[in-house]
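The values are calculated or read from the model by the stated rules, or taken from the named source; none is laboratory data. This is a predicted model, so every value here is computed, not measured. Every residue, glycine among them, receives a Cβ derived from its backbone with ideal geometry; neighbour counts consider all protein chains shown. SASA here: full protein model, heavy atoms, side chains in, ligands and nucleic acids out. Shrake-Rupley method; radii C 1.70, N 1.55, O 1.52, S 1.80 Å.
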Amino acid sequence: MNKFLNSLPKWAERFLRMVCPGESYEDIEGDLIQQFNRNIKANGYRTSSIKLFITVIQFLRPEILLRKKFRIKYSGFDLFKNDLQLTFRQIRRNKLFALLNILGLSTSMAVVLMIAQYAGFHFSFDRSFENSTNAFRVYSRNYEASKLSFESALTDYKIGPLLKKEFPEVKSYTRLMPTDSWFDCALRYDGDNGPVIYNEPKLFFADNNFFQQFSVRPIAGDFKYALANPFSVVLTKSAASRYFNGDNAIGKILHLKGSFEENDYQVTAIIEDFPTNTHLDVDILMSLSSLEKSQGVGNNDFYTYVNLQEKVNVALFEEKMQLLSEHFVLEESQRVEHYLQHLADIHLHSDLQDEIKEGVDLDVIYFLIAIGIVIIVIAWINYVNLSMSQIFDKARQVGIRKVNGASGARIVRQFFTEAAVINLISIVIAIVLIELTTPKLERLTETKFSWNAFVDLSWHNPVVYVGFLVALGIIMSAIYPSAVLASVTPVNVLRGKILRVSPGSNTGNALITFQFTCSIVLLTILFVVHAQYSFMQETKPGVDIVRTLVVKAPVKTDSTYKDEFAAFKNYAATNLLVERISTSTSVPGQSIEWTGRVSTSTRQLGQNFHIQVADTSYLQNYQIPLLCGRDFNVLDYPVGKFGSKREPVILNMKAVEMLGFTSECDALGKTIFWDDNECTVVGIVDNYHQQSLKNKFTPILYTANAGPLMSIRLNENFEKDFHYSIAQLEEAWKKFFPDNAFDFFYLPDYYQSNYKAEQNMKTVIDIISSLALITSCLGLLGLSAFAAKQRIKEVCIRKVMGAHWLGIIVLLSKKFVVLICLSALIAVP
């Protein structure tokens, strides 16, 4: 019988386990074993078994069965569902705080994602081409007397073939020759509806293998051999639509009329437009073999690209490249070296002369990224401060939950869930804001905002960006409040001693001070940028550009041009609202691309001067004052070839200083040398800002001749009906120059476009600074509301005792005013 002393019969054990709650089973089993053993000793086994059966059956009661049925173990999903319910209950209960948090986080996330898209767009440049990994552009460093003179993106036409021939590391090369240095470059298509003529500044000549290096999707034609034959032309989709308006362009003939080239070219292929995120700015490509006999092609007018073999050490290869320097020596004092620049670095890091497209300032991108980080940190601080402002209410909840058995980890998980919900709602609103504002932002920044900009980078993905931002926001905004609240003890809650940390604590004050310091720093930057931009806008450039229309001059192909030009000037001055017309190679607002070596003696090494071709009306048209000497006259124009006589020139003051003359009048009448051409200084003009106030004064040499740009100074009455005046000019233009496009721009607007980057930056900083200040104030509003709620009894007592409303406002706000003043003291210096 002893075998029954330590356990119940199997049937009784199984029945009790089925009926009784798990946590109570051991206690019940122990009591029944003791009672069963006593009954066995007193009454025997059979009687004890009957009594045990009756006792066990009595456990079959509803209160015990229901406890057993509903005391099931919660799954992870059930706990998460419960956390969500509590979170939405908190949001409904505290609508103001939830709204402030969501507004601050969503606007901040929108700013960060916009900045990320902007940065991602610029970092994606030239990465979309299939062979971009091992693709490089060759650039040149030009030395004079062992001193670096300049670095240029243009190279000699021989460097590509030489590299391919001499070095097995070079897999292939291709060349691209621009036409922007030509005075004139226009295309004409003689269709059934009359001629279609456009000036084409984005026309390039290229090798046949160009499309193997730069992969662009073909639309029509024999893409592989499109540039194989001379006098072939490939059009982008947008260029083809200009000339053929949707008609089939393959096989059609376009007539090129340029300063150095005039021929018919046959359309062999149509391609998609080049992507916006590439340094190439190409509309039309013509076969490079067409220029074999052209006299206007310079040796150093080529962009050269090479594709290297896998795992080539670029630094060592560049050293080997210098062995070819002897092929490019022009004079004993001059030396040219060639180096490589990775295709993806051109837009981001290049600061060379003769770039196809202006690159981006990386400092601006990094600055915007830093601002974005500051904005989102301010929003997270707001979340922390607002969460801490509710800490007394939440502490009571936490205390009650802990009394009911909730662990610290369970409490922390609840607050992380709440932070996750708030951040997810905010990110959805942020994405909606981005979609709504994208068109305006694209116009403002001249950037294509697209989620695909991230995909273009192999190590970027929009989902990763959004996910990382949300995860970081959840962690940053939830970790501090949840850690503090998890430390709550039920005893302290019951005694009213909830927490030592509150919005008025040192930690809360430090967070408020930090976020307002960041906001004031941004506002200070805003004021500085506004002051700088106002200075640039208000300071006169030293040249009069008002009421000036600039038209691309007719392509000069025969001797009748001078007579036609004179007749047009006379007609415009007599019949139209025109005061004066002049021509030049460039106008204020443009860089002067033509350069030459100028010295006072043929024995000296010349200095690099900008060369400006100007006619007899140029200085008067732009009100450029003569400090000494005279203006040009018709007799100053070259007779036949330039340099066949002693050429008269005009210098600006910067040129006078660089040539070593003591004063402007000291240079007058002196002989100087432009390359090998002997020139006489007949006039001196003052310095002026050719491009903008951002650029330093540069030495300029003016030579007399007709230029490719026509500056038309209109009288004051033209503004009454601007469009009518332009229409009259265009009608007169077609009458005198029917074979040339009327291609114009308004010079005051064009000159101001040099400040477009500053204008855009000012606008961006305006928006971001305003958002930062608003976000900070949203947090301050929430904290102020909390402070007022906490002190409502005190305020009532003070009102009863006769306190003035102004004194109560001072009482409630003085702490925040002190913190803001402290932030200003830290930020402004």
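Things to note:
- J(HN,Hα) series, the range 664-671, from Karplus relation 6.51 cos²θ - 1.76 cosθ + 1.60, nearest Hz, glycine and proline x: 5, 6, 5, 7, 4, x, 6, 9
- Heavy atoms of the protein chains alone define the surface here; on that basis the range 135-216 has 42 Å² accessible area per residue at 1.4 Å probe size.
- Debye equation applied to the C-alpha atoms of the range 686-790, log10 I(q)/I(0) at 0.22 Å⁻¹: -1.22
- Between His804 and Val377, the distance separating the two model label sites (each 7 Å from Cα on the Cα→Cβ line) works out to 4.1 nm.
- Counted residue by residue at 0.36 nm each, then reduced by the alpha carbon distance between them, the extension gain from Leu576 to Lys448 reaches 41.9 nm.
- Taking the DSSP beta bridges with both ends in the chain, the antiparallel portion is around 80 percent.
- Against the chain, whose longest principal axis comes from its Cα atoms, helix 462-486 is set at around 40 degrees.
- Between Gln309 and Lys158, the FRET efficiency estimated from the beta carbon spacing at R0 = 25 angstrom works out to 0.70.
- Sulfur and carbon atoms: percent of accessible area, the chain [1.4 Å]: 57
- Applying 0.36 nm per residue to the separation of Phe816 and Asn299 and subtracting their alpha-carbon distance, the gain on full extension is 179.2 nm.
- Axis of helix 22-43 versus longest Cα principal axis of the chain: the two differ by about 20°, to the nearest ten degrees.
- Virtual paramagnetic centre 7 Å along Cα→Cβ of Asn245, amide N under 11 Å, in the range 185-213: 191-196
- With a cut-off of 11 Å on the backbone N, no residue of the range 89-122 is near the modelled label site 7 Å out from Cys777 along Cα-Cβ.
- By the Cα gyration tensor, the range 626-745 has an equivalent ellipsoid whose semi-axes, rounded to whole angstrom, run 34, 20, 12 from largest to smallest.
- Listed pairs Lys357/Lys654; Lys171/Lys202; Lys562/Lys641; Lys552/Lys756; Lys694/Lys756; Lys224/Lys257 exceeding 20 Å between Cα atoms: Lys357/Lys654; Lys171/Lys202; Lys552/Lys756; Lys224/Lys257
- In this rough spin-label picture, where each label sits 7 Å from Cα along the Cβ direction, the Ser663-Glu262 distance is 5.0 nm.
- Label positions at Phe736 and Arg92, each projected 7 Å from the Cα along the C-beta direction, are separated by 8.0 nm.
- Ranking Ala409, Leu340, Ile820 by how far each Cα lies toward the positive end of the dipole of the chain (charges on Cβ) leaves Ala409 at the top.
- Legend: calculated FRET efficiency, Ala471 to Ala824, from the Cβ-Cβ distance at R0 = 35 Å, rounded to 0.05, equals 0.55.
- On Cα atoms only, tilt of 805-827 relative to the major axis of the chain in degrees: 50
- Temperature 25 °C, viscosity 0.890 mPa s: under these conditions the Stokes-Einstein estimate for the chain, based on its Kirkwood radius over C-alpha pairs, is 72 µm² per second.
- Among 821-827, 169-175, the order from most to least packed when residues are scored by Cβ within 10 Å on average: 169-175, 821-827
- Stretched out straight at 0.36 nm per residue, the stretch from Thr595 to Leu316 would grow longer than its current Cα-Cα span by 97.1 nm.
- For the range 340-353, the Karplus equation 6.51 cos²θ - 1.76 cosθ + 1.60, evaluated at θ = phi - 60°, returns couplings of 10, 10, 4, 4, 6, 8, 4, 6, 8, 10, 7, 9, 9, 6 Hz by residue, with Gly and Pro reported as x.
- The 3J(HN,Hα) values that the Karplus relation (6.51, -1.76, 1.60; θ = phi - 60°) gives for the range 730-742 are, in residue order, 5, 5, 5, 4, 5, 6, 8, 10, x, 9, 10, 6, 8 Hz. Gly and Pro appear as x.
- Selection from Ala42, Thr236, Gly359 lying farthest towards where the dipole of the chain points positive, charges on Cβ: Ala42
- Efficiency of FRET from Cβ geometry, Asn608 and Ser534, R₀ 25 Å, rounded to 0.05: 0.15
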